[in-house]
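Worksheet for the structure shown next.
The values are calculated or read from the model by the stated rules, or taken from the named source; none is laboratory data. In this text, all values refer to a predicted model and were calculated from it rather than measured experimentally. Ideal geometry is used to build each Cβ from the backbone, glycine not excepted, and the neighbour counts take in all protein chains shown.
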């Protein structure tokens, strides 16, 4: 966990002061609605369906127990006793009154937190692998680079008014667990043949209205040049990204219109002026930032614990939890554990203030007082002794956070949807719940195996539906909610965008449609090892289309015909 | 006479900002900031009309600052307009003019600007600001003190915080 130094703290405090002034001017009528909107967005405040929503940054997902307790306090004092963890490793509060917002920001600053640039057309929270720093397959620990990028992006004088929002993700492992290819910039920390650290840089990925997979524009950028190269990309985008059309303003459209090769050439030309300038990183700074991270005091432990292995052999429930929610650790005798926020009947990613306090207590007891928020909207305790797994399992069960479904169908990524969000065309949470209820048998879920099912309530794609193996998108047809289903999306190194199966379905039909897709998959797979996405890639989407529409066609063809027109 | 902020002070503005369709005749009246399009189409005539007087030019967000590089030392003022609130191209234009093209004269930001943008624009190299009419300029000066430091390099701060920190032994 990075610890602020006095300058870091001062900047966050000054931001609170600045926002307090802006809010007063707005409430006094001397700052216009539209201008204040732009300013409050840069402090995480949206005006939502019910009240302003405050989105708090959790930089690269790292959170300390004292910070989570402060979030619980905020939920109780200024909200309605809960918060919603998002797919960008942030937390959102849905009921903050505008007049209270400056006080909420001040209370965040007390624990080295903020809502800076969590919205608006600027560089957003940097996201990363929830297993950063502890994953056995990690080549480079991305955390120090994430923090260096956080500082670079915070109040960047040149890039605070970009054409559109800008999202950067960093991964340090061959297996990409940060979905870097669907970000405006995706950074893979790598080592070259000489063992030197550098970055493979992809640009122009993203979801939303125009889902695209990013293009690698530099295979190996030596680490010293990270910030000057970022400056070059952002400057090309700031000057040449489209500002005439909100829907064409993301960098992915610029990259697409220019072509990745031309875009890369423009970046290199810009970089030629910045390269080796004063913003070139130096080892002293990397060391300084690294030293400001707390380091867990790992004990020397045996890699396996006989009593834990025995329990796995004898207790099916514990074994399932270990298989799905316990993850390998680079240090012998330790494991990372996912606390699932995907209990059926609870909106995915939601946690109450009491739950936050209890999770904080678990982090203190089992994981050096730290945790990570994942982009799949769960919480990871990253440094748990294997011998404590049983005790932690018991605690997690008591909290309702031991659902052993990580990587399985019911670990649904889901946006807040029409129940909370002003942008949504349709509700998403009830759809997730209906699917979770349909697939509530653990043996069956384990048999289906690894699959990502993602739901978004509108085209903005906060629920990452494009990269779900099965993706569900809420659409609006004359005031009625319908749902498009797509298959074949994937995150990770083989990222792909799902293809829409056909006309949309009513909410009630969705569990049946998912069932049909799963049935076909089970029939078609060549072994248990062949995952849903593998089968889609092997046989294509046509058989899935036929299965779904062949059976359901007669039922509501008229309504679907209309919908198709609306969607086109 | 209109007022503006120059070098963190509220002062009278003796210059006239000419509209996009301005003519050389209008510019001949002296102390005029002419649109880039007029400069490009009537450069020689403008130089002749100005005689030993002063010249200014203004750019829009989409204009390329590189277009006036060869003439930069002729201008007392280079102004850049933010036609819409939130058009951040002006920030990049300012840095390019100062850092890449070495412009030393007055760099003026005007258009749809609020006090909340002053400090960042100053960091991007601007030293003169015409804000929206609704802004009280004296009050707006406080905005320059909103943030005491910055992580990044900029036109105003050539060294990033990490190098300054190291030099100061912090």
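Only one of the listed residues (A:60, A:2) is modelled with pLDDT of 95 or more, in contact with a helix residue (DSSP H, G or I) (Cβ under 6 Å, 6 or more places away or on another chain), more than 12 Å from chain B (Cβ to nearest Cβ) and closer than 21 Å to residue B:148 by Cβ. That residue is A:2. Within the stretch A:5-47, restricting attention to residues that are in contact with a strand residue (DSSP E or B) (Cβ under 7 Å, 6 or more places away or on another chain) and more than 10 Å from every other protein chain (Cβ to nearest Cβ), the residue that is modelled with the highest pLDDT is A:12. When we screen B:88, B:105, B:53, B:61 for residues that are at pLDDT below 95 and either within 14 Å of chain A (Cβ to nearest Cβ) or buried (at least 16 other Cβ atoms within 10 Å of the Cβ) (or both), the only hit is B:61. When A:442, A:446, A:408 are screened for being under 20 Å from the mean Cα position of the chain (by Cα) and more than 20 Å from residue A:91 (Cβ to Cβ), only A:408 passes.
So is residue A:304 surrounded by fewer than 17 Cβ atoms within 10 Å (Cβ to Cβ), away from chain B (no Cβ under 14 Å), part of a loop (DSSP other than H, G, I, E, B) and modelled with pLDDT under 95 or not? For residue A:304, the condition - surrounded by fewer than 17 Cβ atoms within 10 Å (Cβ to Cβ), away from chain B (no Cβ under 14 Å), part of a loop (DSSP other than H, G, I, E, B) and modelled with pLDDT under 95 - is met. In summary, helices (runs of 4 or more DSSP H) completely within the stretch B:113-170 and bearing 2 or more residues that are within 8 Å of chain A (Cβ to nearest Cβ) occur at B:118-123, B:161-168. For the stretch A:65-93, the set of residues classified as within 17 Å of residue A:374 (Cα to Cα) and without any contact (Cβ under 8 Å) to a residue 60 or more places away in the chain consists of A:67 only. Would you be able to tell me the number of residues in the stretch A:219-263 that are in a helix (DSSP H, G or I), within 13 Å of another protein chain (Cβ to nearest Cβ) and within 28 Å of residue B:85 (Cβ to Cβ)? Within the stretch A:219-263, residues that are in a helix (DSSP H, G or I), within 13 Å of another protein chain (Cβ to nearest Cβ) and within 28 Å of residue B:85 (Cβ to Cβ) number 12. Between A:534, A:512, the distinction of being surrounded by fewer than 22 Cβ atoms within 10 Å (Cβ to Cβ) and out of contact with any helix residue (DSSP H, G or I) (no Cβ under 9 Å at 6 or more places or on another chain) belongs to A:534 only. Being touching a residue at least 60 places away in the same chain (Cβ under 8 Å) and in a helix (DSSP H, G or I) is not true of residue A:503.
The requirement of being part of a loop (DSSP other than H, G, I, E, B), touching a strand residue (DSSP E or B) at 6+ places or on another chain (Cβ under 6 Å) and surrounded by 19 or more Cβ atoms within 10 Å (Cβ to Cβ) is fulfilled somewhere in the stretch A:318-338, by at least one residue.
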